[in-house]
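The values are calculated or read from the model by the stated rules, or taken from the named source; none is laboratory data. Here the structure is a predicted model, which means the values were calculated and not measured. Please note: Cβ atoms are built from the backbone with ideal geometry, for glycine as well, and neighbour counts cover all protein chains shown.
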There are 2 protein chains.
Amino acid sequence: MTDKHVEFFWDVASPYTYLAATQMDALAQRTGAVVQWRPFLLGGVFKATGNQMPAALPAKARYMAVDLQRWAQSYGVGFHFPKIFPMRSVLAQRVVCAAQAAADTPSRLPLALMHAYWVEGCDLAQPDEIARVCEAAALDADALLAAAGQPQAKSQLQVNTAEAVQRGAFGAPTFFVGTRMFWGNDRLPLLEACLNDRLSV
Amino acid sequence: MTDKHVEFFWDVASPYTYLAATQMDALAQRTGAVVQWRPFLLGGVFKATGNQMPAALPAKARYMAVDLQRWAQSYGVGFHFPKIFPMRSVLAQRVVCAAQAAADTPSRLPLALMHAYWVEGCDLAQPDEIARVCEAAALDADALLAAAGQPQAKSQLQVNTAEAVQRGAFGAPTFFVGTRMFWGNDRLPLLEACLNDRLSV
């Protein structure tokens, strides 16, 4: 039997991560899996592995703009490509690390931040915008932003990023079921097959 | 109503193209679509767009080796990563262009060549291996190999490749439904949604 525990490495700045994130609660319900939301820094992953964002290739960027809309349609979720892209996500990711140290609902703040960026187009490089999202999610924005500047939150984000790379990650979203890695929103069906014991590798 | 005509640009040397190819007859049956198999040269697409094969990144290559096995399992098709990879596919693709000029069943020779490479591990850069596959598919191998060396087949392959790039392709497999492009084996569900009039973009 496969251990029904999924580690979900995510960065609010990644569009395919947003799409996958919108599906995780339903996937967890269907499979009985527990999803652990692990913030990391996609820029750090790219730097460590030599990978680059897909939009770096002009033909791929043009295709992606349409492809993302198609996924959003097929999932029935909002999506508007933000004016500010790429966006510096390090502060938002540190805030989530800080919130998790004091944590309650693991998906609430990540999903709220992704919605703010990928549906509403907020610039989450700005502390004020992050504060607004935290408050709307009934979290103490001032405390979280202060904690995000402390070594513990900074270090946690670095540790998560380094660990993901060490385990094989090169992009986002990246999922692990034990040592088995799945990369990409488009691999959710394979992740689900794994959780349902229908894959041997 | 979406025009149920799919142009499928494929290169025998691409593993995700092989996986997608194994699904096309069933997809055509389910949707009522007609699939036009259009050989192109992935190397030429990469050169024209600045893209490179995913396996060029070491971390991605390691993941791909597992990912391909998972797709093959989920499709229930054979798959063994060939010893010879990447493989020079230009002659095989020209032979298919020649066969199409005299054509009958459009998927028979492409599928036979892909099976020879991705299941049996044959080196299709060798004319003898291509000849063996043609003969097993009840085609005149000598005539096809001779025609593959003629300007018509060479030119057809160049034209297909240049047209795909001009229309937006940067990898393989690439599908078009009119002007709507879909890239990758993992986009077959979106291609099918498009054929079933469930996508507006």
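When region A:186-201 is examined, which residues are found to be more than 7 Å from chain B (Cβ to nearest Cβ) and aliphatic (A, V, I, L, M)?
A:Leu188, A:Leu191, A:Leu195
When you look at B:Cys97, is it over 21 Å from B:Met53 (Cβ atoms) and buried (at least 18 other Cβ atoms within 10 Å of the Cβ), yes or no?
Considered against the rule, which asks whether it is over 21 Å from B:Met53 (Cβ atoms) and buried (at least 18 other Cβ atoms within 10 Å of the Cβ), B:Cys97 comes out as yes.
Of all residues in region B:27-79, how many are closer than 26 Å to A:Leu199 by Cβ, at the interface with chain A (Cβ under 9 Å from one of its Cβ atoms) and surrounded by fewer than 17 Cβ atoms within 10 Å (Cβ to Cβ)?
6
Restricting the first residue to region B:167-184 and requiring it to be among the polar types (S, T, N, Q), which pairs with a second residue that is modelled with pLDDT of 95 or more and assigned to a strand (DSSP E or B) meet a Cβ separation below 9 Å and a spacing of at least six or different chains?
The qualifying pairs are B:Thr174/B:Glu7; B:Thr174/B:Phe8; B:Thr174/B:Phe9; B:Thr174/B:Trp10; B:Thr174/B:Met181; B:Thr174/B:Phe182; B:Thr174/B:Trp183.
Being crowded, with 17+ Cβ neighbours inside 10 Å and away from every other protein chain (no Cβ under 14 Å): is that true of A:Asp11 here?
yes
What are the residue pairs meeting all of these: first residue in region A:60-79, first residue under 10 Å from A:Tyr18 (Cβ atoms), second residue in a helix (DSSP H, G or I) and of a type in the set (S, T, N, Q), Cβ atoms under 7 Å, and 6 or more apart or on different chains?
From region A:60-79, the pairs are A:Trp71/A:Asn185; A:Phe79/A:Gln69.
Sort out which residues of region B:86-96 are closer than 17 Å to B:Ala172 by Cβ and at pLDDT 95 or above, and write them in order of number.
Once the filter is applied, which keeps residues that are closer than 17 Å to B:Ala172 by Cβ and at pLDDT 95 or above, region B:86-96 yields B:Met87, B:Arg88, B:Ser89, B:Val90, B:Ala92, B:Gln93, B:Arg94, B:Val96.
For region B:1-44, name all the residues that are in a helix (DSSP H, G or I), touching a helix residue (DSSP H, G or I) at 6+ places or on another chain (Cβ under 7 Å) and polar (S, T, N, Q).
B:Thr31, the sole residue that qualifies.
Regarding region B:171-185, can at least one residue be identified that is more than 10 Å from chain A (Cβ to nearest Cβ), β-branched (Val, Ile, Thr) and buried (at least 18 other Cβ atoms within 10 Å of the Cβ)?
Looking for residues that are more than 10 Å from chain A (Cβ to nearest Cβ), β-branched (Val, Ile, Thr) and buried (at least 18 other Cβ atoms within 10 Å of the Cβ), one finds at least one in region B:171-185, hence yes.
Determine, yes or no, whether A:Ala164 is within 14 Å of another protein chain (Cβ to nearest Cβ) and hydrophobic (A, V, I, L, M, F, W, C).
Spelling it out, A:Ala164 is indeed within 14 Å of another protein chain (Cβ to nearest Cβ) and hydrophobic (A, V, I, L, M, F, W, C).
Give me the pairs, please: first residue somewhere in region B:112-127 and within 16 Å of B:Pro39 (Cα to Cα), second residue anywhere and crowded, with 16+ Cβ neighbours inside 10 Å and of a type in the set (Phe, Trp, Tyr), beta-carbon distance under 6 Å, and either six or more positions apart or on two chains.
Matching pairs, first to second residue: B:Met114/B:Tyr18; B:Leu124/B:Tyr117.
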